[in-house]
Amino acid sequence: MTLVFASNNKNKIIEINSLLGNSFKLLSLHDINIREDIPEEEPQIEGNARAKARFVFNATGMNVFADDTGLEITALNGLPGVHSARFAGENKDSSANIEKVLSLLINSKTREARFRTVIALILDNKEYIFEGIVNGTIISEKRGSGGFGYDPIFIPDGKIRTFAEMDLSEKNSVSHRARAFEKLKNFLIGYG
Ligand code: IMP
């Protein structure tokens, strides 16, 4: 089955290819000649995932899925959430985003947080939603050099390493994105 993954983020495409396995041929936005940035202006991550999938479907009529992820920190009332990529500014600087989170949490008693991924799939012109969550803790300084985004400051529950200290297979064994994509994969396999 061929599906468009509405993304040009190389890290994500590598992760998703390893999660979905060989039964699916994934095309990136680049592969289908969509070069512009798809607007991500919705107030919720669900809305952004749906808008991205709908954008590609309207442009191409192809089966497509899109994901959107947010880091939701309890003490910050769910922020950065839908603003995770641009929390510290338009240039999507991960180090600056991390510094902003750490400074906002400096006097916080609770450091609990979760990553939440929502996937919107449009298949044969019907829309489906899948969600994956991993709960964890924000530590007070960065650890590790792998991964991306907020990985160096997030330790998932039940683990002692940050996501940035894990290899991809360990991250995938618990991650929000892996959990959401497992649901997508099972759905697609059942769909036939
Ligand atoms: P996206 O919706 O997957 O592009 O994610 C939005 C933002 O959330 C990214 O720019 C990162 O800052 C953050 N993020 C998403 N997934 C992860 C992850 O697995 N680890 C760390 N940060 C992530």
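The values are calculated or read from the model by the stated rules, or taken from the named source; none is laboratory data. Quick caveat: nothing in here was measured; it's all calculated off a predicted structure. With ideal geometry, Cβ positions are generated from the backbone for all residues, glycine too; neighbour counts draw on all protein chains shown. SASA here: full protein model, heavy atoms, side chains in, ligands and nucleic acids out. Shrake-Rupley method; radii C 1.70, N 1.55, O 1.52, S 1.80 Å.
Enter the accessible area per residue of the chain (Å², integer; probe 1.4 Å; all protein chains in place). Please report the intermediate quantities before stating the final value.
On the way: 9700 Å² over 192 residues.
Result: 51 Å² per residue.
Computed log10 I(q)/I(0) for the range 1-141 at 0.11, 0.13 Å⁻¹: -0.45, -0.62, from the Debye equation with unit scatterers placed on every C-alpha and solvent omitted.
Over 24 Å apart at the Cα level, from the set LYS12/LYS92; LYS126/LYS185; LYS52/LYS183; LYS92/LYS185, are LYS92/LYS185. Assuming charge only on the beta carbon of Lys and Arg (+1) and of Asp and Glu (-1), the dipole of the chain about its Cα centre is about 300 debye to the nearest 20.
In deg cm²/dmol, rounded to 500, what helix-only [θ] at 222 nm does the chain give when every DSSP H run of at least 4 residues adds -39500 (n - 2.57) and the total is split over its residues? Don't jump to the answer; show the numbers that get you there.
Values: 5 runs with 61 residues, N = 192.
So the helix-based figure for the chain works out to -10000 deg cm²/dmol.
Our note on the geometry: Cα centres of the range 170-191 and the range 53-113, 20 Å apart.
Share of the range 2-190's accessible area from carbon and sulfur, percent, 1.4 Å? Kindly include the intermediate steps, with their values, before the conclusion.
Details: 4370 of 9460 Å².
Accessible surface attributable to carbon and sulfur in the range 2-190 totals 46 percent.
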